[in-house]
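Heads up: the structure comes next, in structure tokens.
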Amino acid sequence: MKGQHTMRSRRTPLLAAGLAMALGLAVVPFGTQAQEFTSSQRQALDHIVAVVNEGAIMHSQLEERIAQVRSQMSAQQQELPPERVLRQQILEQMILEEIQWQMAEESGLTVDDTELNRQVRGIAERNGMSLEQFADALEADGLTLASVREEIRREITLRQLQQRRVGSRVSLSEREVERFMAQQDVTREQAQQALFQRKANAELEAWLQEIRSQAFVDNRLDAR
């Protein structure tokens, strides 16, 4: 199923800074508690927690994401919401990602190897490593460079989809820019960037709500 792609790989701590900077994503190490399950145990315990159009999100995928969020919030000394609320919030985010991934696949969006290699090298360099050293570090964390490359390809693809669907909705007037320049005492370029980002964020939120309402979603988290 398409949903099997959702958060299918663990993320090493080395990816956190690089991916967050390159893609605007929050990425954290995968919790050790979830790693204690063997693949056979996972398969025996696994079940669908949400059907999304023709795809699905599995319980094991949700548990991986929850472990990541807990680790991140703990590292940032943030208070966790109640367990039930946390699980529903994270699953909803995964549902939105799955909808977008399906749209990207249907649109034929791809990331060429040149761009992908540039992103991977950038992550390695921000961690003070050569590509070979980065690959070795990933292997030590139980990952492969190939699997990480595909995860990065996925994230870039979703960002491209968002830019294509949302970017065309954003427009700035000269009056808006001049008013912002006067109010904030910034340059024209800074005003344009700040206003564009503000409007893009609002349009992105509206678009996500739109595609969520149009998708078929069967949330089964509380069904068992």
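The H on the amide N of MET58, modeled in the peptide plane, is under 5 Å from the matching H of VAL49, each at least 5 residues off or on a different chain. Among the protein heavy atoms of segment 75-224, carbon and sulfur supply 45% of the accessible surface, probe 1.4 Å, non-protein parts ignored. Gain on full extension, evaluated as 0.36 nm per residue between ARG179 and GLU139 minus their Cα-Cα distance, stands at 9.2 nm. Remark: the ASP113-ILE48 segment gains 20.1 nm on full extension, using 0.36 nm per residue and subtracting the alpha carbon distance. One way to sum up the overall shape of segment 172-224 is the equivalent ellipsoid from its Cα gyration tensor, whose semi-axes run 39, 11, 7 Å, largest first. About the centre of its Cα atoms, segment 118-224 shows a dipole size close to 420 debye [charges on the beta carbon of Lys, Arg (+1) and Asp, Glu (-1) only; nearest 20 debye]. One chain, two ends: GLN89 and GLU150. Fully extended at 0.36 nm per residue, the span grows by 19.4 nm beyond their Cα-Cα distance. Put the Cα centre of segment 48-122 next to the Cα centre of segment 133-183 and the gap is 14 Å. Converting phi to 3J(HN,Hα) with the Karplus coefficients 6.51, -1.76 and 1.60 and the offset θ = phi - 60°, segment 48-58 yields 6, 9, 7, 9, 10, 6, 9, x, 8, 10, 8 Hz in sequence order, with x at every glycine or proline. Packing-based ranking of 207-218, 64-75, 118-129 yields 64-75, 118-129, 207-218, ordered from highest to lowest mean Cβ neighbour count within 10 Å. A convex hull fitted to the Cα coordinates of segment 122-181 yields 123 cubic angstrom per residue.
The values are calculated or read from the model by the stated rules, or taken from the named source; none is laboratory data. Every value quoted in this text rests on a predicted model; they were computed, and no experiment measured them. Here Cβ is always computed from backbone atoms with ideal geometry, including for glycine, and neighbour counts include all displayed protein chains. Areas reflect the complete protein model, heavy atoms only, side chains present, ligands, DNA and RNA absent. Shrake-Rupley method; radii C 1.70, N 1.55, O 1.52, S 1.80 Å.
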